[in-house]
Amino acid sequence: MKTLFFGIVLIIFTMSVSAQKLVNPNATREANALYAYLSKISGKSILSGQHNYGHELNRSSDTIRSYTGKYPAVWGTDFGWILGSKLVDEVINQHKKGSVITLMYHMPRPFDADTVKRSTWKKLTDEQWNDLVTPGTEINRLWMARMDTVAFYLKKLQDAKVPVLWRPFHEMNGGWFWWGNRPGPDGYQKMWKLLYDRFTNYHKLNNLIWVWNANAPRIKKDDDAMAYNLFYPGNDYVDVLAADIYNNDYKQSHHDQLLALGKGKLIAMGEIGDVPPPSVLEQQPKWCWFMIWARFPWTDNTPEEIKALYGSDHVLTRDEVKKKW
């Protein structure tokens, strides 16, 4: 009976996805084409992906190539590691090679300098948080100024006709980042909406596909990740719902709860550590990409495990993606 129920649910979600459009009505042709491609493969195939640290922009992807003979379809990196023309040039280079691009930002607290080490993991007081999400305050102004700098470089990518899977301020349902553990409408939900408005309506960044990326929920002493829905800003502000999954925690609920929350929106594995066995992809068919975190191909996986994943009939590599954007 349970199998029948989930089968019916997946059929409904598949029908819903086909009717979905990007939340930005002015999205570029390239962004719409990429989203249409992801929608087309959803439930059938999954794009392989690899994160790369900014100071070694291709080391992790090159490792996948050395193991499998193929490059990942998705290439990712972080504005928090490198912010400038070097990153933009490499993103454009990867786009020209056929990679799908995903970008994120491990941002220091708004009032800390970029050089302050580990500022990303320092907390805000309740008063500081309220100021952050209140337009016109000093902390809000400092935050927006930083995001305006990121927008400057995203515009360069827009000018180069590069669509971006944009997944800012991830793992918000955990307590380890300064933007984390702020549930409810005056918490992270409000922060997301303010950023969406700034980038979409003020900066006219139309090349972004907005990826809301939580951590897979868990109950773990001093390291909880709370339920997805407490931090979700709503379907009017999100194109793709993603989960970060580490330590082989590939529970079916991580997949199914995202599907239910998004009501037909695409879902993805924004980050993974230990790679899943191919059987997980059979049981959780709606993930449309996975992205292994930087260096994890050799620190937490064996070449044989990577080969097994890439050998799955469901996994697409860069050369197998028929680029139309």
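The values are calculated or read from the model by the stated rules, or taken from the named source; none is laboratory data. Because the structure is predicted, anything quoted here is derived from the model rather than measured. Here the Cβ positions follow ideal geometry from the backbone for every residue, glycine too, while neighbour counts run over all protein chains shown. Areas reflect the complete protein model, heavy atoms only, side chains present, ligands, DNA and RNA absent. Shrake-Rupley method; radii C 1.70, N 1.55, O 1.52, S 1.80 Å.
Of all DSSP beta bridges confined to the stretch 207-275, the antiparallel ones make up roughly 10%. Residues within the reach of a label modelled at LYS70 (point 7 angstrom out along Cα to beta-carbon, backbone nitrogen below 15 Å), restricted to the stretch 41-60, are 44-50.
With a simple spin-label model that places each label point 7 Å from the Cα along the Cα-to-Cβ direction, the separation between HIS314 and ASP62 comes to 3.2 nm. Measuring with a 1.4 angstrom probe and ignoring ligands and nucleic acids, VAL275 comes out at about 10 Å² accessible. Measuring between alpha carbons in the structure, the pairs from LYS286/LYS322; LYS86/LYS161; LYS70/LYS161; LYS161/LYS204; LYS204/LYS286; LYS40/LYS193 lying more than 22 angstrom apart are LYS70/LYS161; LYS204/LYS286; LYS40/LYS193. Each part reduced to its alpha carbon centroid, the stretch 216-260 and the stretch 109-165 end up 23 Å apart.
With both residues required to sit in the chain, DSSP beta bridges show an antiparallel share near 10%.
When only Cα pairs below 8 angstrom with a gap of at least 6 residues are kept, the chain shows a relative contact order of 25 percent.
Computing the accessible area with a 1.4 Å probe over protein heavy atoms, can you report the carbon and sulfur percentage for the chain? Here carbon and sulfur together make up 53 percent of the probe-accessible area.
Remark: the ASP186-THR134 segment gains 17.7 nm on full extension, using 0.36 nm per residue and subtracting the alpha carbon distance.
Close amide H partners of SER45, meaning residues 5 or more places away or on another chain with modelled amide H under 5 Å apart, do not exist here.
Over the chain, dividing the summed -39,500 (n - 2.57) contributions of all DSSP H runs of at least 4 residues by the number of residues returns a 222 nm mean residue ellipticity of -11500 deg cm²/dmol. Are there DSSP H segments in the chain that both extend 15 Å or more along their axis (alpha-carbon positions) and score a mean Kyte-Doolittle hydropathy of at least 0.0? List them, or say none. Once both thresholds are applied, what remains is 2-19.
With charges set only on the Cβ (+1 for Lys and Arg, -1 for Asp and Glu), what does the dipole of the stretch 236-306 come to about its Cα centre, in debye to the nearest 20?
Dipole about the Cα centre, nearest 20: 240 debye.
Round to a whole angstrom and tell me the spacing of the C-alpha centers of the stretch 266-315 and the stretch 192-208. If we compute the Cα centre of each part, the gap is 31 Å. Heavy-atom accessible surface of the chain, averaged per residue, reaches 42 Å², computed with a 1.4 Å probe. Along the axis of the charge dipole computed for the stretch 179-325 (Cβ charges of +1 for Lys and Arg, -1 for Asp and Glu, origin at the Cα centre), the listed residues PHE199, PRO217, ALA243 are led at the positive end by PHE199. Look at the alpha carbon pairs under 8 Å that are at least 6 residues apart: their mean separation over the length of the stretch 172-325 gives a relative contact order of 17 percent.
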